[in-house]
Amino acid sequence: MNRTHLLTTMAVFVAIGTLGAQLLWFPAGVAKAYPVQHAVNVTAAVTLGPGPAVIIAFMIGLLRNMLGLGTLLAFPGGMVGAFLAGWLYRLTNRKGMAAFGEAIGTGIIGSLFAVPFARILLGSSAGAFFFMPSFLVSSVSGALIGWFVTAKMKQTNVMKNHV
């Protein structure tokens, strides 16, 4: 994939993740669940790899925060989940492992990273497992959507050179 095609594909993923979060969300405990972000993480991890997936997750978090549509907690969860999804997919070549990586990376590891992040940047004194239930609900639902999307992409030969 040439650089222009890669950057264009990444920009499309950022747009989907940024706008999609406003179209599909639901309450999940102490936070709102934005499954589109996690679906984008899985799809980007499978089609582009861990590096571009992390950059996409960062850009979605940055744009959502700049537009007043998200919180700073989008960074630790989204980026860790995107990396683990891409890394596990690269190791196994299985889309299910990318979805698993997103769910574990965001739902568990990212939620634990969110605690000191929230304490330092948001002044919150939340405990170690405070964010985990809502992060898990959001990431598991989005990872399943991402798994479904990547499976359909292969069936319909969308991005046949990448999936």
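The values are calculated or read from the model by the stated rules, or taken from the named source; none is laboratory data. Please read these numbers as outputs of a predicted model, since none were measured by experiment. No Cβ is skipped: glycine too gets one built from the backbone with ideal geometry, and neighbour counts run over all protein chains shown.
Might you let me know whether the range 22-31 holds any residue that is surrounded by 15 or more Cβ atoms within 10 Å (Cβ to Cβ), modelled with pLDDT of 95 or more and of a type outside the set (K, R)? Scanning the range 22-31, I find no residue that is surrounded by 15 or more Cβ atoms within 10 Å (Cβ to Cβ), modelled with pLDDT of 95 or more and of a type outside the set (K, R), so the answer is no.
Conditions tested, residue by residue: (1) under 16 Å from Y34 (Cα atoms); (2) of a type outside the set (G, A, S); (3) touching an Asp or Glu at 6+ places or on another chain (Cβ under 8 Å).
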| site | (1), (2), (3) |
| --- | --- |
| P76 | yes, yes, no |
| R94 | no, yes, no |
| L122 | no, yes, no |
| S141 | yes, no, no |
| K152 | no, yes, no |
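Within the range 44-87, take every residue that is in contact with a Lys or Arg (Cβ under 8 Å, 6 or more places away or on another chain) and buried (at least 23 other Cβ atoms within 10 Å of the Cβ) and give me the one that is nearest to P133 (Cα to Cα).
Step one: of the range 44-87, the residues in contact with a Lys or Arg (Cβ under 8 Å, 6 or more places away or on another chain) are 46, 49-50, 70, 74.
Checking the rest, the ones that are also buried (at least 23 other Cβ atoms within 10 Å of the Cβ) come to 46, 74.
Numbers: V46: 26, A74: 15 Å.
Selected residue: A74.
G101: closer than 26 Å to L6 by Cβ and touching a helix residue (DSSP H, G or I) at 6+ places or on another chain (Cβ under 6 Å), yes or no? In short, yes.
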